[in-house]
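What follows is a single structure, written as structure tokens, with notes after it.
The values are calculated or read from the model by the stated rules, or taken from the named source; none is laboratory data. Every value quoted in this text rests on a predicted model; they were computed, and no experiment measured them. Here the Cβ positions follow ideal geometry from the backbone for every residue, glycine too, while neighbour counts run over all protein chains shown.
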Amino acid sequence: MLYKAFGSAVSARRKALDLTQAQLASKVNMSRASIANIESGRQNILLHHVYALAAALDFTKVAELLPPIPQKTIGEGLKMKLSNQALSKQTLSENAEAQVADLIASALRPRRGRV
């Protein structure tokens, strides 16, 4: 997802500047195929290429090419498991799992006025 978002930003800016993939590739010393793969999100990109692309696309800051940092919510990605040995083979329903995640998130959320 990160590489697709980056590639979309490169593609949109390239088109706005009326550049072909070949012209952009020439400016950054890459192949046209690499530019095509970057724009489609199929190619990982090295940091020095990010800077070269930002300069070639007339951005004043590299960050203008980068997508925002994805924000994870508290407890996201945790898999819940029952701890009672007799229940260890059972799993929580989606609804029960959501309720437990909400409970954990609210317990971990900072409260105003408390240190």
Give me the residue from the range 25-52 that is under 16 Å from the mean Cα position of the chain (by Cα) and closer than 14 Å to Ala9 by Cβ and, out of that set, surrounded by the fewest Cβ atoms within 10 Å (Cβ to Cβ). Ser40
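Against the definition (modelled with pLDDT of 85 or more, in a loop (DSSP other than H, G, I, E, B) and out of contact with any strand residue (DSSP E or B) (no Cβ under 9 Å at 6 or more places or on another chain)), how does Arg13 come out, yes or no? Don't jump to the end; show me each part of the working.
Values: modelled with pLDDT of 85 or more: yes; in a loop (DSSP other than H, G, I, E, B): no; out of contact with any strand residue (DSSP E or B) (no Cβ under 9 Å at 6 or more places or on another chain): yes.
Considered against the rule, which asks whether it is modelled with pLDDT of 85 or more, in a loop (DSSP other than H, G, I, E, B) and out of contact with any strand residue (DSSP E or B) (no Cβ under 9 Å at 6 or more places or on another chain), Arg13 comes out as no.
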Residues that are in contact with a Lys or Arg (Cβ under 7 Å, 6 or more places away or on another chain) and modelled with pLDDT of 70 or more: which helices (runs of 4 or more DSSP H) entirely in the range 19-108 hold 2 or more of them? 21-28
If you check Phe6 against the conditions, is it surrounded by 12 or more Cβ atoms within 10 Å (Cβ to Cβ), farther than 30 Å from Ala107 by Cβ, more than 15 Å from the chain's Cα centre (by Cα) and of a type in the set (Phe, Trp, Tyr)? no
Show the residue pairs that are 6+ apart or on different chains and have beta-carbon atoms under 6 Å apart, the first residue being within the range 17-37 and in the same structural domain as Leu57 (by TED's automatic domain parsing), the second being of a type outside the set (Asp, Glu) and in a loop (DSSP other than H, G, I, E, B). Ala25/Ser31; Asn37/Gln43
